[in-house]
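Student: Encoded as structure tokens, here's the structure I'll be asking about.
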Amino acid sequence: MSAIENGELARSAREVRTGTTVVVGAAQGIGATVAQRLAREAWSERVVLADLDGAGVEQVAAELRAAGHDATALRVDVTDAAQVDALVAASADALRVAVVAGTFFPTPTLEVTRAQFAQIVDVNLHGAYFVAQAYARRMAAAGGGAIVGVASIAATMPRMRQVAYCASKAAIVQALRVLGMENAAAGVRVNTVSPGLTDTPMMRTVAGDHAAVQRMADGSPEAFRPRIPDGRVATPGDVADAIAFLLSPESGHITLQDLVVDGGELLGR
């Protein structure tokens, strides 16, 4: 058998291993749905859930345990290096990691302060990147694994009153691509998922000028928001399915990609 064939067999063996799956940012919205979705996968023998909202993430873990899953919850501030180190130590055998943690609040560009800008970037870029880095380091040493970060189509499409959010999401897509590029040879796959409008508590903070969340799918010239061709906003389940695919054995040859889940809002660009 050639060296290439040996390498392909080794990669296949890594991808089908079962073990620990980690979801960071799992207390509500997309993250909670991702946790529920990944816990059902045959390759998730154990799930470790982390969030700044300790009570919220424990509730999600308790529901999973009641359904028969092995689930552990940890309160973690992704902007605190010591807490991130403790999380990684508690899940050092992780083979798959979803980094969903993020923050958002709308502020006009001429009013946003340095402190507000830094707060969003510290969570969405610095926090998300260094969580991914810490797990990638472990995975590279242990023979591989898969990481998915949640970005946003705001990384590509400017959004009104979202200057810091747009900047942070554009940056995390590129940062994780570089992380994936440098560690692909060690069997570490790194991808991102970029949701469009998704019906979550976070999104509802920007839906105040619409009669209902679903009306946001119709677009708004005043907000420079195009219509969604699919005719609806995404559900957290739509995003969770994409993340599950990118962490699964079925995506074993996919890395450095940004999978857009937006109902066609970006028109495929």
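Throughout, read-outs are computed from the coordinates displayed, never taken from laboratory work. For clarity, every value in this text was computed on a predicted model and none was experimentally measured. Backbone-built Cβ (ideal geometry, glycine too); neighbour counts: all protein chains shown.
Student: Could you give the nm distance between label points at ALA92 and GLU63, where each point is 7 Å from its Cα heading toward the beta carbon?
Tutor: Going by the 7 Å Cα→Cβ label model, 3.3 nm.
Student: Highest GNM mean-square fluctuation, the chain, Cα pairs closer than 10 Å: which of GLY54, GLY102, GLY31?
Tutor: Result for the chain, Cα springs under 10 Å: GLY54 fluctuates most.
Student: To continue, here is another question. Measure of size requested: the Rg and Dmax of region 115-190, with Cα atoms as the atom set and Å as the unit; please supply both.
Tutor: 13.5, 43
Student: So, one more: Neighbouring Cβ atoms within 10 Å as the yardstick, rank MET160, MET139, MET181 fewest first. Before the final figure, lay out the partial values.
Tutor: Working: MET160 15, MET139 24, MET181 12.
Ranking MET160, MET139, MET181 by Cβ neighbours within 10 Å, fewest first, gives MET181, MET160, MET139.
Student: To the nearest 10 degrees, how steep is helix 236-247 against the longest Cα principal axis of the chain, on a 0 to 90 scale?
Tutor: Computed tilt is about 30 degrees.
Student: Moving on. If you place +1 on the Cβ of every Lys and Arg and -1 on the Cβ of every Asp and Glu, how big does the dipole about the Cα centre of the chain come out, in debye to the nearest 20?
Tutor: Values: 23 positive and 28 negative charges, 56 e Å.
Rounded to the nearest 20 debye, it is 260 debye.
Student: Among THR198, THR255, what is the fewest-to-most ranking by other Cβ atoms within 10 Å?
Tutor: Working: THR198 23, THR255 19.
If I rank by nearby Cβ atoms, fewest first, I get THR255, THR198.
Student: Got the relative contact order for the chain handy, in percent, Cα pairs under 8 Å and 6 or more residues apart? Walk me through the numbers before you get to the answer.
Tutor: Values: 535 pairs, mean separation 50.2, N = 269.
Reported as a whole number, the value is 19 percent.
Student: List the equivalent ellipsoid semi-axes of region 1-150 in whole Å, largest first, each obtained as the square root of 5λ for an eigenvalue λ of the Cα gyration tensor. Mind showing how you got there, number by number?
Tutor: On the way: eigenvalues 177, 82, 32 Å².
Each semi-axis is √(5λ); the values are 30, 20, 13 Å.
Student: If the chain between ASP241 and VAL178 were fully stretched, how many nm would it gain, using 0.36 nm times the residue separation less the Cα-Cα distance?
Tutor: Values: separation 63, 0.36 × 63 = 22.68 nm, distance 2.43 nm.
Gain on stretching ASP241 to VAL178: 20.2 nm.
Student: Next up: Charges on Cβ only, +1 for Lys and Arg, -1 for Asp and Glu, centred on the Cα centroid of region 3-261; of PHE105, ALA39, PRO158, which one is farthest towards the dipole's positive end?
Tutor: Positive-most Cα among the choices belongs to PRO158.
Student: What share of Cα pairs, in percent, lie more than 33 angstrom apart in the chain?
Tutor: Details: 6773 of 36046 pairs.
In whole percent, the long-distance tail amounts to 19.
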